[in-house]
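Asker: Mind looking over this structure? Questions follow.
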Amino acid sequence: MMKVISLAVVDDHPLFREGVIRSLGEIEGFAIVGEGSTKEDAIRIADDERPDVLLLDISMPGGGLDALSLILERVPDQKIVMLTVSEASDDVTAALKNGAKGYVLKGVGSRALAEILRTVASGESYVAPTLSARLISGDGDASLRKADLLRDLTGRESEVLQLVAAGLSNKHIGLKLDLHEKTVKHHMTQIFTKLGVANRTEAAMAFRDALDNRG
């Protein structure tokens, strides 16, 4: 039986918020436990409801990024996904550095959003692929260091990382390489440790950096 994922949505545009709630409420496996429109609402919902995943807008009253930091101070294990129109690299970077587990653009469809939320609820991170590609910084020294570290990966870890960079989930990587999902997770842990990164987005960025440096 599928585990029900509890969600809360905080966005100051009522029509958009209601649309997200209605769409996800119609998909099996999700339960909406809270909604709000401000930073204060987000903090209160995280405190009171402890949803599996909290969807947060960036540009709401009080600021979504400020809410993110305050929520994680109070509820460190709260999984937060930013759902926003902002494609600014600064916003993406700030969200990830402040502890967001996902960064999704508002043009996403409901089925795709549901899959992303399942990914985040399972403990993985997600950033819209178009944005993760842009995040590759101009920090040449850091890029070169990451490129050197990639040489420490085993052949299998390199295969896994290549598929991560292509946007595949652990489940789909397992199917592609004929591995158990647990084995893929083990490889991911090794990759994170060797590259000194915190999540799959940073690992994918390191992989792309290495390709750029080879070119």
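Asker: Look at Ser122 and say whether it is surrounded by 13 or more Cβ atoms within 10 Å (Cβ to Cβ) and either out of contact with any helix residue (DSSP H, G or I) (no Cβ under 9 Å at 6 or more places or on another chain) or modelled with pLDDT of 85 or more (or both).
Answerer: Considered against the rule, which asks whether it is surrounded by 13 or more Cβ atoms within 10 Å (Cβ to Cβ) and either out of contact with any helix residue (DSSP H, G or I) (no Cβ under 9 Å at 6 or more places or on another chain) or modelled with pLDDT of 85 or more (or both), Ser122 comes out as yes.
Asker: Another question, if that's okay. Residues that are touching a residue at least 60 places away in the same chain (Cβ under 8 Å), not in a helix (DSSP H, G or I) and not acidic (Asp, Glu): does segment 65-80 have at least one?
Answerer: Looking for residues that are touching a residue at least 60 places away in the same chain (Cβ under 8 Å), not in a helix (DSSP H, G or I) and not acidic (Asp, Glu), one finds none in segment 65-80, hence no.
Asker: Given (1) touching a residue at least 60 places away in the same chain (Cβ under 8 Å); (2) within 18 Å of Gly167 (Cβ to Cβ), identify the lone condition not met by Lys106.
Answerer: (2)
Asker: Could you list, in sequence order, all residues of segment 17-49 that are assigned to a strand (DSSP E or B) and either loosely packed, with under 14 Cβ neighbours inside 10 Å or β-branched (Val, Ile, Thr) (or both)?
Answerer: The answer is Ala31, Ile32, Val33.
Asker: Take Ser69 and decide whether it is of a type in the set (Ser, Thr, Tyr) and within 17 Å of Ala114 (Cα to Cα).
Answerer: When the stated conditions are applied, Ser69 does not pass them.
Asker: Then there's this: Taking only pairs six or more apart or across chains, which ones have beta-carbon atoms under 8 Å, a first residue in segment 16-37 that is farther than 23 Å from Gly63 by Cβ, and a second residue that is in a strand (DSSP E or B) and open to solvent by 40 Å² or more (accessible area, probe 1.4 Å)?
Answerer: Here the result reads Leu24/Ile32; Gly25/Ile32, each pair linking segment 16-37 to a residue that is in a strand (DSSP E or B) and open to solvent by 40 Å² or more (accessible area, probe 1.4 Å).
Asker: Output the residue which, of all residues in segment 188-201 that are over 13 Å from Asp152 (Cα atoms), part of a helix (DSSP H, G or I) and touching a residue at least 12 places away in the same chain (Cβ under 8 Å), is most open to solvent (accessible area, probe 1.4 Å).
Answerer: The extreme case among them is Arg200.
Asker: Against the conditions (1) over 25 Å from Glu26 (Cα atoms); (2) open to solvent by less than 50 Å² (accessible area, probe 1.4 Å), where does Asn98 fall short? Just the number, please.
Answerer: Against the list (1) over 25 Å from Glu26 (Cα atoms); (2) open to solvent by less than 50 Å² (accessible area, probe 1.4 Å), Asn98 comes up short only on (2).
Asker: Count, please, the residues in segment 162-208 that happen to be in contact with a strand residue (DSSP E or B) (Cβ under 6 Å, 6 or more places away or on another chain) and farther than 22 Å from Ala112 by Cβ.
Answerer: So the answer is 0.
Asker: Give segment 50-75 a look and list any residue that's of a type in the set (A, V, I, L, M) and open to solvent by 40 Å² or more (accessible area, probe 1.4 Å), or say none.
Answerer: Within segment 50-75, Leu70 is the sole residue that qualifies.
The values are calculated or read from the model by the stated rules, or taken from the named source; none is laboratory data. On a predicted model such as this, the values are computed, not experimentally measured, just so you know. Counting neighbours? That spans all protein chains shown, and the Cβs are built from the backbone with ideal geometry, glycine included. Side chains included, ligands, DNA and RNA excluded: accessible areas come from the protein's heavy atoms. Shrake-Rupley method; radii C 1.70, N 1.55, O 1.52, S 1.80 Å.
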